[in-house]
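The values are calculated or read from the model by the stated rules, or taken from the named source; none is laboratory data. Only a predicted model underlies this, so the values are computations on that prediction, with no experimental measurement involved. Don't worry about glycine lacking a Cβ; one is built from the backbone with ideal geometry, like all the others, and counts go over all protein chains shown.
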Ligand SMILES: [Zn+2]
């Protein structure tokens, strides 16, 4: 009844000792048969029965300090007898994770809910936290960092020396004119905007945090009208004003940290899949930022009474050269049908234009500097 | 009245993918929720499960380590690494180039020194916290001896552009395995650097020539070489250890595992792991007149897990 067949190890030798255990008040009575046929008896005090495990059909109990004694019982009724004999005593440590104590269904349910929670945090909470963190960075720091990055990229032209492979060479004349041009447009920004035209054949432009905008001469050369240039500047200045670089950095960083936390303990394949999902997410975000900058540019054109067809024409230039364009720089400009559609839909036909003669004359000077007039 | 004992005894793994899956999920979630602090407990629960479900001669192994022990070690190691990186960053921020170079060199020297120290600690901890039929394993190596040997061999490996690496690994195995005790059983490692070098040379060359297919046979050669060079002795009686792992079996196992992983986007990982353990364990045999009842407890207890945590953190896989 209260007596069960057991195997016992005394922690001194590895010999398997067969015997019985009897559940008594406050302790277990273990009786073992010695090889010579005599019996010996051991008491296990309840409070020192330390570790309980369940392996296959076997219940394993450990007793005392190092080296521990071990008792193994295969009797399926043993656990039942334990709870009957010692109703207040817990031999089986409850799993710390309560879902494990319930059935498999509950466990799977809880797991799925927690996974969805993870996805939710990643998709919705993390980005907004990252963005609000980005917004807390003071403007002066942004300007300082941006200038630091800028100085690392741009090289003043030295006599008899071409720009090095990594650094971009500044075109002084065009940069001066571009800065005059930008002063004639009201971008409604609090950042000190500084345009730098660099001697590169690449058709591209990018904005650094804090107000530096870099335009590649390859793009400027392809422009025929001042409104195309204004649209480009409107777009780049919007990146600056809306702190897009910072937001992007904060979002990628938080996504990266979140992903490394999650994939830390995972196997290769799952980690790679999650990693790529994160990259896709980031790509989607930079598309979002581009769209925001396009909208902002359109608004700037309208407010300054500059022809809004500039944006559409700018996209046409970018599309024409996209086949030969090398990998893009800091701010990528993925050209999509959507951007063209947006520009077409929002451009105003027969709009009221107020010509700014100074803007026009600066543009003429730019064209002359480019040998186009 | 017993018949003569069989001359071969096999290891076996009885873990189950579903149970492992549960352990992995719980570990994973709790590690995320605690920002990684749960890691030592996660490791302990996995080790416990795998030890419990590994059997030899009808009895299972037990892992006695706890998350708490490993957490203490984990915190210590995080502290050490934090101080090291702190010094490195401080030196870089100072803008002093000489100081940065000195600190950087110091950083690598300390890191290199930490490897044998961590190995030593890890061996002492792992062996002491492992038992079979109530008898604990033990490691009797000497820390400074191991460090000296490790640094000498590391130096030789560097100046020979890695060629000496085969001898390095072999010497390390010889020292470490030679110092493992299991009750009154002693161990020896009989491999030698020259054989090991040619084994690797041949394996890599053929793997490249066969576009990687030979890799599975190469892996099994390495496994066989390791297992068959472990030589145990109980009271002067030899207990050679044999491997029956075949490259073709491992190849099939890997193909199925690869398919399982790709079709489930990696979710089948716990089942794959159980299959791998089952494969390796069932291919290790102990030959000779082993007396499983006459082992005597000989080794002292050792509970400091810092070395083991360090080995884990450095992702060392030297042996
Ligand atoms: Zn843009």
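Mind checking which residues of the stretch B:116-170 are away from chain A (no Cβ under 14 Å) and part of a loop (DSSP other than H, G, I, E, B)?
B:140, B:141, B:142, B:160, B:161, B:162, B:163, B:164
Taking the condition of being farther than 19 Å from residue B:280 by Cβ and free of Cβ contacts under 8 Å to residues at least 40 places away in the same chain, how many residues in the stretch B:19-47 meet it?
Matching residues across the stretch B:19-47 total 20.
Since residue A:195 meets every condition but one in (1) farther than 30 Å from residue B:262 by Cα; (2) surrounded by fewer than 22 Cβ atoms within 10 Å (Cβ to Cβ); (3) in contact with a helix residue (DSSP H, G or I) (Cβ under 9 Å, 6 or more places away or on another chain), which condition does it not meet?
(2)
Quick one: residue B:66 ticks every box in (1) more than 23 Å from residue B:280 (Cβ to Cβ); (2) within 14 Å of chain A (Cβ to nearest Cβ); (3) free of Cβ contacts under 8 Å to residues at least 12 places away in the same chain bar one, so which box is it?
All conditions are met except number (3).
For the stretch A:7-24, which residues satisfy the criterion of being farther than 18 Å from residue A:38 by Cβ, within 14 Å of another protein chain (Cβ to nearest Cβ) and assigned to a strand (DSSP E or B)?
Selection gives A:7, A:9.
Would you point out which residue out of B:44, B:87, B:91 is within 14 Å of chain A (Cβ to nearest Cβ) and out of contact with any strand residue (DSSP E or B) (no Cβ under 6 Å at 6 or more places or on another chain)? Lay out the reasoning, then the answer.
Details: B:87 fails: within 14 Å of chain A (Cβ to nearest Cβ); B:91 fails: within 14 Å of chain A (Cβ to nearest Cβ).
Of B:44, B:87, B:91, the one residue that is within 14 Å of chain A (Cβ to nearest Cβ) and out of contact with any strand residue (DSSP E or B) (no Cβ under 6 Å at 6 or more places or on another chain) is B:44.
State which residue is surrounded by the fewest Cβ atoms within 10 Å (Cβ to Cβ) when the search covers only the stretch B:261-303 and only residues that are within 21 Å of residue B:135 (Cβ to Cβ) and more than 12 Å from every other protein chain (Cβ to nearest Cβ).
Narrowing the stretch B:261-303 to residues within 21 Å of residue B:135 (Cβ to Cβ): B:281, B:284-303.
Still in the list and also more than 12 Å from every other protein chain (Cβ to nearest Cβ): B:281, B:284-289.
On the way: B:281: 19, B:284: 20, B:285: 16, B:286: 19, B:287: 14, B:288: 16, B:289: 12.
Out of the qualifying residues, it is B:289.
Filter the helices (runs of 4 or more DSSP H) completely within the stretch A:202-276 down to those with at least 1 residues that are within 12 Å of another protein chain (Cβ to nearest Cβ). First the steps, then the outcome.
Values: elements: A:217-222, A:226-241, A:244-263.
Answer list for the stretch A:202-276: A:244-263.
Just to be sure, is residue A:110 modelled with pLDDT under 90, assigned to a helix (DSSP H, G or I) and over 30 Å from residue A:243 (Cβ atoms)?
On the way: modelled with pLDDT under 90: yes; assigned to a helix (DSSP H, G or I): yes; over 30 Å from residue A:243 (Cβ atoms): yes.
Here the answer is yes, as residue A:110 does meet what is asked.
Check residue A:132 against each of (1) at pLDDT below 90; (2) surrounded by 10 or more Cβ atoms within 10 Å (Cβ to Cβ) and name the one condition it does not meet.
Going through the list (1) at pLDDT below 90; (2) surrounded by 10 or more Cβ atoms within 10 Å (Cβ to Cβ), residue A:132 breaks only (1).
Could you tell me how many of the residues in the stretch B:176-192 are assigned to a helix (DSSP H, G or I) and surrounded by fewer than 18 Cβ atoms within 10 Å (Cβ to Cβ)?
Residues of the stretch B:176-192 that are assigned to a helix (DSSP H, G or I), as a first pass: B:176-178.
Adding the requirement that they be surrounded by fewer than 18 Cβ atoms within 10 Å (Cβ to Cβ) leaves B:178.
Number satisfying all stated conditions: 1.
Scan the stretch A:212-237 for residues that are over 19 Å from residue A:302 (Cα atoms) and within 15 Å of the ligand (Cβ to nearest atom) and jot them down.
Quick first cut of the stretch A:212-237, residues over 19 Å from residue A:302 (Cα atoms) only: A:212-224.
Scanning the stretch A:212-237 gives A:212, A:213, A:214, A:215, A:216, A:219.
Between residues in the stretch A:61-83 that are more than 8 Å from chain B (Cβ to nearest Cβ) and residues that are surrounded by fewer than 16 Cβ atoms within 10 Å (Cβ to Cβ) and at pLDDT 85 or above, which pairs lie under 8 Å by C-beta distance while being six or more apart or on different chains?
Going by the 8 Å Cβ cut-off, the qualifying pairs are A:73/A:5; A:74/A:5; A:75/A:5.
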